[in-house]
1. Could you pull out the longest piece of the chain with no exposed loop trypsin sites (Lys or Arg not before Pro) in it, calling a site exposed if DSSP puts it outside H, G, I, E, B and it has at most 16 other Cβ atoms within 10 Å?
2. Rank these for me by crowding, S138, S43, S12, going from fewest to most other beta carbons within 10 Å.
3. Please list the radius of gyration and Dmax for the chain, considering alpha-carbon atoms only, with Å as the unit.
4. Neighbour counts of other C-beta atoms within 10 Å: give me T61, T120 arranged from fewest to most.
5. Based on other C-beta atoms within 10 Å, arrange H76, H36 from fewest to most.
6. Can you pull the percent of Cα pairs in the stretch 1-79 with separation above 17 Å?
7. Run through the DSSP bridge list for the chain and note the antiparallel percent, rounded to the nearest 5.
8. Rounded to a whole number, what is D in µm²/s for the stretch 39-120 from Stokes-Einstein with the Kirkwood radius over alpha-carbon pairs (4 °C, 1.567 mPa s)?
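Values quoted throughout were computed directly from the atomic coordinates according to the rules given, and no laboratory measurement underlies them. Computed from a predicted model, the values in this text were never measured in an experiment. Here the Cβ positions follow ideal geometry from the backbone for every residue, glycine too, while neighbour counts run over all protein chains shown.
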Amino acid sequence: MNDQREYGLLFSCDFVKKLDDTVLRVVLNGDLRLIHSGPKDASARYYFFPINGKECRDPRTINTQLHIRNADSNIHRPAYVEGYCRGIPAGDVYVAWNVGDIVTGEGLDQSEYEIGDSVTRWVATGRIIVEEVDLESSDTVIV
C-alpha cells in the first residue's frame, strides 16, 4: 500500500492459463492519486497492464491515464480498469500493474506534462483480478 513510484511495477500476480484458445479478462480495482507538481500546465501518468512483460494489443491495450492541472488538488480516485487480451498461450502468465509516462498522440504532447506526484493504493487495497474466458461457450463479445 501507499506506493509512490512514478515508473514501473506497482503490483502483480501470477496466473495459470489452462487453454490456448481462451482470452484473459484482467481487472484492476484500487486507488490512484496524482498531484500536479511543477511549472508546466499539468501533470499526467499512464497506468497499464503488461501481460508476460508486454502490453496486450488484441483487441486493445488495457490502461488508463490521469491528468491534473490544479496544483492544490489531492484527490484519491477509485480506479476500475478492465479489459480482455487474446493470444496468450496456455501456461504460466504474469500479470502486472505498471505506471509510466503518458501515451502521446491524439492531441497529447508528453512535453507539456510534468511527471507529478502519484500514489497508488493509499491506505486502500488494490486488486488484480484475472479470469480465463472461453468465448465459444459464453455470450461475451469483445470489440
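1. Values: sites that count: R5, K18, K40, R57, R60, R69, R86.
Result, exposed sites excluded: 87-143.
2. Working: S138 10, S43 23, S12 13.
Fewest-to-most ranking of S138, S43, S12: S138, S12, S43.
3. Every Cα atom of the chain included, Rg and Dmax give 16.4, 54 Å.
4. Numbers: T61 15, T120 25.
Taking fewest neighbouring Cβ atoms as first place, the list is T61, T120.
5. Numbers: H76 15, H36 20.
Least to most surrounded, the residues fall as H76, H36.
6. Working: 1724 of 3081 pairs.
Summing the P(r) of the stretch 1-79 above 17 Å gives 56 percent of all pairs.
7. Working: 45 of 47 bridges.
DSSP beta bridges in the chain are roughly 95 percent antiparallel.
8. Stokes-Einstein gives a translational diffusion coefficient of 90 µm²/s.
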